[in-house]
Each structure stands twice: as structure tokens, then as C-alpha cells.
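Heads up, the thing below is written out as C-alpha cells.
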Amino acid sequence: MNTPIFSTAFLPPVSYMALLCQHEKVIVEQHETFPKQTYRNRCVIATANGPLTLSVPVVRSNHSTTREVGISYAEPWNIRLWRAIESAYNASPYFLYYGDGFRKILLERHESLLTLNNSLLEYTVKKLKVKTQITYSMDYTPQSAGISDYRTVFSPKHPQEGFPIAEYDQVFADRLGFLPDMSIVDLLFNLGPDSKQYLTELGSAMIEYYRRG
């Protein structure tokens, strides 16, 4: 079986994690030319006013690879970002259980986007209690029919379509309705230990969808 390849992602959407958790081992691409306006440095959370995009300010040249992209601390973005997450989810059932770990990682000073994303992803996988092994590309992997390539599947410009994302309880669902495919923190803070089963079922449906093609 080939090892699927993913882009890096900052607090990735539920669909990304559902697909990643279906595999024993995945590769995260770090040698691509870094693209703009993707989940690589942004996520979407559910707030009282609806979906809110949170981004990590990056430092890069025109042809930086993902592994070369730095983070700007000219402004205290990480403090503001954490306050937005706290405001959105402090009333959720499992915020106290998972929140401190995310807070500590976000408030650390990470020199590169990749190290920040990796720390958050490792923490998330640990809390989900899944055993997916995450590795990193040794060089750029061109698109090929021989691998499962998910690097361009997940985009904030084109939310997941083609398969239903089952509803679960969200903090502001009574006024906003269900907001699908938010950041993985939305699922963890609302479902807690049941997140793993939710991702397993969603991931299985996604694998079948991509097989039908």
C-alpha cells in the first residue's frame, strides 16, 4: 500500500484529520513551494458570530518551500488567536480537558510554521488516541498515479463537498445551526473522547468517496 501524502495544516479541518487518521502512516509535504491562502497557515473556528478564520502571519520569499517559511512575531498574533479560541469554546464540554495543551503550544515561540503545525498535530493525534505515524518528505514528491495525493484536497476556498459531514453538538448551534468542517479543535472541544469514533466513520466515508472517484 502506498503512503498517502498531505500538506501541512494549522489546526486542520475535521475532514483533513478524518482522512489522515484512516492511515497507519502518512507523509507531510515540506518541499513544495509554499502556496498562499490555504489551511497551511490558517484555520476556521465556530464563534457566536459564525465562522471565523484565524491565521498565522508568515515570513517567506517568493519561492520559499514550506519548510523555509518562518513566523512573524512583530505583533502578538498568538495571544490574540488564543483569546479568540478561548472566547469561542470556553463553554464547550471539553475545553478545560484539551485547551491547556493547545494554549501552551500556541504561546511558545516557534521559528517556523512547520514546527508549529507539527507540534499541534502531534498533540492532536495523541489526544485522539490514534496511532497514525507522521513522517516528512525528503524531497518534493511530484503528482503521480502511484500515490494517494491529498495535498490540494483541502482548501478554505472550496470547502468539502460530495459527502455529508455528520452533525454533532456545537456551542452556538442553537442560533447558527451546524457549521461543518471547522477546525479539529471544534470537534475535540465539543465531542471529547467521542471524536475518535466520529473521525473513523467520516474517514471511512471519505475513503470510499475517493475510491469511486
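The values are calculated or read from the model by the stated rules, or taken from the named source; none is laboratory data. Computed from a predicted structure; not experimentally measured. Cβ atoms come from the backbone with ideal geometry, glycine included; neighbour counts cover every protein chain shown. Note: areas computed on protein heavy atoms with side chains; ligands, DNA, RNA excluded. Shrake-Rupley method; radii C 1.70, N 1.55, O 1.52, S 1.80 Å.
Tabulated data
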read-out: Over the chain: helical MRE at 222 nm, DSSP H runs n ≥ 4 each giving -39500 (n - 2.57), nearest 500; value: -11500 deg cm²/dmol
read-out: Difference of contour (0.36 nm per residue) and Cα-Cα distance, Glu122 to Asp194; value: 24.1 nm
read-out: Peptide ranges 39-51, 104-116 listed from the most packed, as the mean C-beta count within 10 angstrom indicates; value: 39-51, 104-116
read-out: Local electrostatic count at Ala173 - Lys and Arg +1, Asp and Glu -1, tallied over other residues with Cβ under 12 Å; value: -3
read-out: Glu111-Lys131 FRET efficiency (beta carbon distance; Förster radius 22 Å; 0.05 resolution); value: 0.15
read-out: Additional length obtainable on full extension of the chain from His63 to Lys157, 0.36 nm per residue less Cα span; value: 31.6 nm
read-out: Neighbour net charge for Thr141 - beta-carbon separation under 13 angstrom, K R +1, D E -1; value: -3
read-out: Residues whose placed amide H lies under 5 Å from that of Thr65, excluding near-sequence neighbours; value: Phe34
read-out: HN-Hα J in Hz across the range 55-72 - Karplus 6.51, -1.76, 1.60, θ = phi - 60°, x for Gly and Pro; value: 10, 9, x, 10, 10, 7, 9, 4, 10, 5, 7, 4, 5, 8, 6, x, 10, 8
read-out: Pairwise label distance in nanometres, Tyr209 with Trp77, each label 7 Å out on the Cα-Cβ vector; value: 2.9
read-out: Whole-percent carbon and sulfur share, accessible surface of the range 27-177, 1.4 Å; value: 49
read-out: Per residue accessible area in Å² of the chain, where ligands, DNA and RNA are left out and the probe is 1.4 Å; value: 51
read-out: Antiparallel DSSP beta bridges within the chain, as percent of all bridges there, nearest 5; value: 65
read-out: 16 Å reach of a label modelled at Tyr140, 7 Å along Cα-to-Cβ, counting backbone N of the range 56-79; value: 61-69
read-out: Other-chain or far-sequence residues with amide H under 5 Å of Ser148's (modelled H); value: Ile5
